[in-house]
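Right, one structure below, let's go through it.
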Amino acid sequence: MQRHSTMSPLLALPGAVPAEGPDDGVAAHYGDLFREQRALAAGTGLVDLSHRGVVTVTGDDRLSWLHLLLTQHVSDLRPGLATEALILSAHGHIEHALYLVDDGTTVWAHVEPGTQGELVAYLESMKFFYRVEVADRTAEFAVVHLPAGSIAQPPAGTVVRETSHGRDLFLPREELTGFAAEHGPAIGILAYEALRVEGHRPRLGLETDHRTIPHELGWIGTAVHLQKGCYRGQETVARVHNLGKPPRRLVFLHLDGSEVLLPGHGTPLRVAADGAEGRQIGFVTTSARHHELGPIALALVKRNVAVDAELLAGNTAAAQEVVVEP
């Protein structure tokens with residue numbers, strides 16, 4: 001995947017520890033993970049998401065055109081109204097996740113780090129005769145997250161995407177350091193991810209693999225509009241919704257707090273009664289240490305796993321909560 005090569009300037013702040021994996025380029029934390037989580041939950045501070053891709057679509061046909069490509073109903077999207085949408089393969093598997101807002105002249109989207117190049121290439125291939133212009137703006141704009149309850153005021157003219165769990169700002173990169181100095185403390189991506197796991201919000205590339213369909217993750221309703229057609233993969237979405245059940249389902253896990261290490265992404269899940277050598281029934285997608293709940297995780301399991309079954313994540317005991325109904 002294409003990655004923006006510049007490391008965030010906020011990595012120069014005192015205590016900054018660089019993140020790894022998909023969040024390379026920003027801080028994992030600034031020295032006190034739980035203090036940062038508590039600040040974020042209380043509506044203070046900001047999260048540096050400047051490693052995420054930023055894509056814009058302009059032109060008179062931008063909404064009607066995107067409506068044909070995305071899983072979400074956006075043909076009459078009101079300016080300032082945040083939404084999210086997916087791009088699916090012809091077989092209904094998730095390829096891209098877009099977090100959108102229209103400012104009246106431009107659709108702004110932030111996407112997973114490194115996915116913007118493939119996304120722009122796909123959008124360009126679908127332009128045909130429509131009056132639209134697609135641009136990768138990652139080098140110009142940094143995504144900054146302000147938690148719900150924050151009283152920080154974005155600079156005049158900043159594009160803001162407001163959701164129930166906070167505001168995403170599309171901030172000119174040259175303003176990032178100054179904005180953080182004024183509206184900090186800066187909070188690392190691990191705190192943000194812990195609250196995402198607590199909120200059961202899936203993330204492309206962590207909760208998804210090459211065969212994930214939206215129903216498995218609870219993206220029906222939030223990112224997929226069931227009363228629209230005319231997009232690639234729509235037949236699979238409709239068929240599973242009307243005639244069947246998805247093969248897997250997202251679950252929330254409470255992990256045994258006595259273990260020193262968290263089970264990482266991809267750790268096999270088994271039914272505890274079957275022991276560590278039992279048949280694999282799923283895998284951990286994201287794990288985190290939460291300031292109140294302790295070690296927690298999201299995971300994908302086979303749909304027919306009993307909702308009250310105790311599980312093993314590797315060697316770690318795990319109790320599940322239903323996110324997507326079996």
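Structural remarks
- Exclusive hit being farther than 21 Å from Phe128 by Cβ, acidic (Asp, Glu), open to solvent by less than 20 Å² (accessible area, probe 1.4 Å) and in contact with a strand residue (DSSP E or B) (Cβ under 7 Å, 6 or more places away or on another chain), set Glu84, Glu112: Glu112
- Given (1) among the aliphatic types (A, V, I, L, M); (2) part of a helix (DSSP H, G or I); (3) free of Cβ contacts under 8 Å to residues at least 60 places away in the same chain; (4) within 26 Å of Pro18 (Cβ to Cβ), number of the condition Ala121 does not satisfy: (4)
- Within segment 306-326, residues that are of a type in the set (Ser, Thr, Tyr) sit with their Cβ atoms under 6 Å from residues that are at pLDDT 95 or above, at 6+ positions apart or across chains, in these pairs: Thr316/Leu255; Thr316/Asp256; Thr316/Pro263.
- Considered as a group, the residues in segment 275-302 that are at pLDDT below 95 and open to solvent by 30 Å² or more (accessible area, probe 1.4 Å) include one that is farthest from the chain's Cα centre (by Cα), and that residue is Glu277.
- Residue check, Arg161 among the basic types (Lys, Arg) and either surrounded by fewer than 16 Cβ atoms within 10 Å (Cβ to Cβ) or part of a loop (DSSP other than H, G, I, E, B) (or both): no
- A single entry from Arg248, Arg203, Arg211 fulfils the requirement of being more than 15 Å from His96 (Cα to Cα), touching a residue at least 24 places away in the same chain (Cβ under 8 Å) and within 20 Å of the chain's Cα centre (by Cα): Arg248.
- Among the criteria (1) farther than 26 Å from Glu207 by Cα; (2) of a type outside the set (A, V, I, L, M, F, W, C); (3) touching a helix residue (DSSP H, G or I) at 6+ places or on another chain (Cβ under 8 Å); (4) open to solvent by 10 Å² or more (accessible area, probe 1.4 Å), the one Ser64 does not fulfil is (3).
- Residues that are buried (at least 20 other Cβ atoms within 10 Å of the Cβ) and either out of contact with any Ser or Thr (no Cβ under 9 Å at 6 or more places or on another chain) or modelled with pLDDT under 95 (or both), drawn from segment 1-21: His4, Ala19
The values are calculated or read from the model by the stated rules, or taken from the named source; none is laboratory data. Every value quoted in this text rests on a predicted model; they were computed, and no experiment measured them. Reconstructed Cβ throughout: ideal geometry from the backbone, glycine too, with neighbour counts over all protein chains shown. For accessibility, only protein heavy atoms count, side chains too; no ligands or nucleic acids. Shrake-Rupley method; radii C 1.70, N 1.55, O 1.52, S 1.80 Å.
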